[in-house]
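Chemist: Below: one structure in structure tokens.
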Amino acid sequence: MTISRDELTALRQQIAARHLRPSGQRGASSARGVHHIALLSSDVERTVRFYQDLLEFPLTDMFENRDYEGSTHFFFDIGNGNALAFFDLPGLDLGPYAEVLGGLHHLAISVEPEKWQRLKAKLDEAGIEYAHIDGSSIYFRDPDGARLELICDPLGEMYGRPVF
């Protein structure tokens, strides 16, 4: 069964009418924020060079993963007390990264406009391909294939529209 775009728009509007409340009428979130998002790394050194040296996200800690002996769990500071974490899983052949239904589509990280320009230039210098969308977003893949977005819109805003 194919649903038309008009039907999808109407459905989205119905859901929003039932559930979306104006900012002053929303309850407080039970969450404090993102503690960390965990991705897989097939090469710890390469991942550190990419995220710390290229994207300028400082490496903050590294220790053995409690769930898999010999595995490294390591963290990068992505601002505002949020972390991007990685595991390597030595000895397991996980194969290449694949976007799958129910999996990670992309991770969007907000950076100041002048840093966005600098990081974009560093991606160019490193020969990393990206898609430049809507003037404020660039999409590219990390060394293991995970899709990232660097967006220079402020936190809580998307393309000039408040989302909080």
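Chemist: Could you point to the residue in Ser23, Phe87, Ser71 farthest towards the positive end of the chain's charge dipole, with +1 and -1 charges on the Cβ of Lys/Arg and Asp/Glu respectively?
Modeler: Most positive-ward Cα: Ser23.
Chemist: Starting from 0.36 nm per residue, how many nanometres of slack lie between Glu125 and Asn82 once their C-alpha separation is accounted for?
Modeler: 12.7 nm
Chemist: Here's something else I'd like to know. Which value in nm describes the separation of the simple spin-label points at Thr60 and Leu92, placed 7 Å from the Cα toward the beta carbon?
Modeler: Placing both labels 7 Å along Cα→Cβ, they lie 2.4 nm apart.
Chemist: Between Met1 and Leu107, what FRET efficiency comes out of the Förster formula 1/(1 + (r/R0)^6) with R0 = 35 Å and r the beta carbon distance, rounded to 0.05?
Modeler: For R0 = 35 Å, the calculated efficiency reads 0.60.
Chemist: Across all directions of projection, what mean area in square nanometres is found for the Cα convex hull of the chain?
Modeler: That works out to 13.1 nm², a quarter of the Cα hull's surface.
Chemist: Follow-up. Taking amide hydrogens as modeled 1.01 Å from N in the peptide plane, which residues meet the under 5 Å criterion relative to His73, leaving out close sequence neighbours?
Modeler: Amide H neighbours of His73: Phe63, Glu64, Asn65.
Chemist: Does anyone have the angle between helix 5-19 and the longest principal axis of the chain? Alpha-carbon axes, 0 to 90°, nearest 10?
Modeler: With both axes taken from Cα atoms, the answer is about 90 degrees.
Chemist: Next question, about the same structure. Can you pull the three principal axis extents for the Cα set of the stretch 32-128, in Å, largest first?
Modeler: Result, largest extent first: 41, 33, 29 Å.
Chemist: Using only Cα atoms, find the angle between the long axis of helix 113-126 and the longest principal axis of the chain, and express it within 0 to 90 degrees, rounded to the nearest 10.
Modeler: Helix 113-126 and the main axis of the chain meet at about 50 degrees.
Chemist: Between Gln117 and His132, with labels modelled 7 Å along Cα→Cβ, what's the label distance in nm to one decimal, could you check?
Modeler: Between Gln117 and His132, the simple spin-label model gives 1.2 nm.
Chemist: In addition: Treating the stretch 85-164 as a set of equal point scatterers at the Cα positions, no solvent, please give the Debye-formula log₁₀ I(q)/I(0) at q = 0.14 Å⁻¹.
Modeler: For the stretch 85-164, the Cα-only Debye profile gives -0.57.
Chemist: To continue, here is another question. Express the accessible area of the chain per residue in Å², computed with a 1.4 Å probe while the remaining protein chains stay in the model.
Modeler: Ligands and nucleic acids excluded, the result is 69 Å² per residue.
Chemist: Highest GNM mean-square fluctuation, the chain, Cα pairs closer than 10 Å: which of His105, His19, His73?
Modeler: Of the options given, His19 has the highest mean-square fluctuation.
Chemist: At 222 nm, what value in deg cm²/dmol follows for the chain if DSSP H runs of at least 4 each add -39500 (n - 2.57) and the sum is divided by all its residues, to the nearest 500?
Modeler: -6500 deg cm²/dmol
Chemist: Next question. Quick one: divide the alpha-carbon radius of gyration of the stretch 1-85 by 2.2 N^0.38 Å and tell me what you get.
Modeler: It is 1.70.
Chemist: Amide H neighbours of Ser110 under 5 Å, counting only residues 5+ apart in sequence or on other chains, H built in-plane at 1.01 Å?
Modeler: Correct list: Ile151.
Chemist: Leaving out ligands, DNA and RNA, what percent of the accessible area of the chain is carbon and sulfur, probe 1.4 Å?
Modeler: Its accessible area is 52 percent carbon and sulfur atoms.
Chemist: Work out, step by step, the length gained on full extension between Gln25 and Arg49: first 0.36 nm times the residue separation, then minus their alpha carbon distance; give nm to one decimal.
Modeler: 4.2 nm is the gain from fully extending Gln25 to Arg49.
Chemist: Per residue, how big is the convex hull of the stretch 118-164 when only Cα atoms are used? Give it in Å³.
Modeler: Expressed per residue, the convex hull around the Cα atoms of the stretch 118-164 is 80 Å³.
Chemist: Could you rank Asp53, Asp88 by how accessible they are, 1.4 Å probe, largest area first?
Modeler: The ranking, largest first, comes out as Asp53, Asp88.
Chemist: So, one more: Most fluctuating residue of Arg118, Arg46, Arg32 in a GNM of the chain with Cα springs under 10 Å: which is it?
Modeler: Comparing Arg118, Arg46, Arg32 in a Gaussian network model of the chain, the most mobile one is Arg32.
The values are calculated or read from the model by the stated rules, or taken from the named source; none is laboratory data. The shown structure was predicted, so the numbers you read here are calculated from the model rather than taken from an experiment. Using ideal geometry, Cβ is built from the backbone for each residue, glycine included, and neighbour counts are taken over all protein chains shown. Keep in mind that these areas ignore ligands, DNA and RNA; they rest on the heavy atoms of the full protein, side chains included. Shrake-Rupley method; radii C 1.70, N 1.55, O 1.52, S 1.80 Å.
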